[in-house]
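Report on the following structure.
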Amino acid sequence: MTTEPTDVLISREALQQRVAALGRAITSEYAGRRPVIVVVLKGSFVFAADLIRAIELPLTVDFLGVRSYGDGTESSGVVQITADLSHSIEGRDVLIVEDIVDTGLTLRFLLDNLRTRGPRSLKLVALLHKPARSRVTVPIDYLGFTIDDVFVVGYGLDHAQRYRNLPELRVVSEHE
Ligand code: 5GP
């Protein structure tokens, strides 16, 4: 069985336009504040790199590494923090940047975990949402695109650690 990316789901141009719009919305809604952008590794790093350059605020950036245990296709909700934030978020306006909300279990865990650390506010920006697979409801404050139940790679997203460098989002198909 081989697995390779096929059809372009979201082009480079469409990604750029949507990310710019998200940046403008965040810039106006956080005006006068100094948000901490929390990038959830690894899949969000390309999206986050573009997004922060579209936000015109005195922001700071921190990283959170997570590993989600599951059967290979779906996370179980058992999430391990593999690399924690380097600074306290107490009293800060925190904006989590996630690549994709699939079942929602990873984000549910992260929101609950970060809330215990006393941020002033805690919001979520997600590039992609797959509502068909949702298991728990997660409030997505800023959303890039809603997509069907397909497995996507590129723009930071991987399949077995490959394809993160594709400039667009592509669907992965499996064939013999
Ligand atoms: P959840 O806990 O919401 O089910 O899992 C979210 C995580 O699963 C995402 O952050 C991402 O790492 C991974 N994931 C879910 N769907 C896809 C997909 O279509 N492509 C890739 N590359 N990763 C996905």
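Based on this model, can you work out whether V94 counts as in contact (Cβ under 8 Å) with a residue 60 or more places away in the chain and in a strand (DSSP E or B)?
Values: in contact (Cβ under 8 Å) with a residue 60 or more places away in the chain: no; in a strand (DSSP E or B): yes.
Answer is no for this residue.
Somewhere in region 60-75, is a residue part of a helix (DSSP H, G or I), among the aliphatic types (A, V, I, L, M) and either in contact (Cβ under 8 Å) with a residue 12 or more places away in the chain or under 25 Å from V171 (Cα atoms) (or both)? Looking through region 60-75, none of the residues is part of a helix (DSSP H, G or I), among the aliphatic types (A, V, I, L, M) and either in contact (Cβ under 8 Å) with a residue 12 or more places away in the chain or under 25 Å from V171 (Cα atoms) (or both).
Scan region 118-129 for residues that are in a loop (DSSP other than H, G, I, E, B) and surrounded by 19 or more Cβ atoms within 10 Å (Cβ to Cβ) and report the count.
Selection size over region 118-129: 1.
Here the condition is being within 11 Å of the ligand (Cβ to nearest atom), modelled with pLDDT under 95 and polar (S, T, N, Q); of T106, T137, it holds for T106 alone.
I'm checking my understanding of the structure. Among residues of region 161-176 that are touching a strand residue (DSSP E or B) at 6+ places or on another chain (Cβ under 9 Å) and free of Cβ contacts under 8 Å to residues at least 24 places away in the same chain, which one is surrounded by the most Cβ atoms within 10 Å (Cβ to Cβ)?
Looking at the filtered set, the residue picked out is R162.
Results for (1) surrounded by fewer than 20 Cβ atoms within 10 Å (Cβ to Cβ); (2) assigned to a loop (DSSP other than H, G, I, E, B); (3) within 16 Å of the ligand (Cβ to nearest atom), shown as yes or no for each residue.
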{"residue": "P5", "(1), (2), (3)": "no, no, yes"}
{"residue": "V8", "(1), (2), (3)": "yes, no, yes"}
{"residue": "A14", "(1), (2), (3)": "yes, no, no"}
{"residue": "R18", "(1), (2), (3)": "yes, no, no"}
{"residue": "A21", "(1), (2), (3)": "yes, no, no"}
{"residue": "I26", "(1), (2), (3)": "no, no, no"}
{"residue": "V40", "(1), (2), (3)": "no, no, yes"}
{"residue": "G43", "(1), (2), (3)": "no, yes, yes"}
{"residue": "F47", "(1), (2), (3)": "no, no, yes"}
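Going through region 140-160 one residue at a time, which ones are in contact with a strand residue (DSSP E or B) (Cβ under 7 Å, 6 or more places away or on another chain), within 9 Å of the ligand (Cβ to nearest atom) and over 14 Å from T6 (Cβ atoms)? Listed by number, the residues that qualify are I147, G156, L157.
Can you tell me which residues in region 130-176 are of a type in the set (K, R) and over 20 Å from E13 (Cα atoms)? Those that are of a type in the set (K, R) and over 20 Å from E13 (Cα atoms): K130, R133, R135, R162. Among the residues of region 109-134, those that are charged (D, E, K, R) and within 11 Å of the ligand (Cβ to nearest atom) comprise K130, R133. For region 76-88, the criterion of being crowded, with 18+ Cβ neighbours inside 10 Å and in a strand (DSSP E or B) is satisfied by at least one residue.
Selection of region 89-128 for residues being hydroxyl-bearing (S, T, Y) and within 22 Å of V150 (Cβ to Cβ) yields T103, T106.
The values are calculated or read from the model by the stated rules, or taken from the named source; none is laboratory data. Here the structure is a predicted model, which means the values were calculated and not measured. Glycine also receives a Cβ, built like all others from the backbone with ideal geometry; neighbour counts cover every protein chain displayed.
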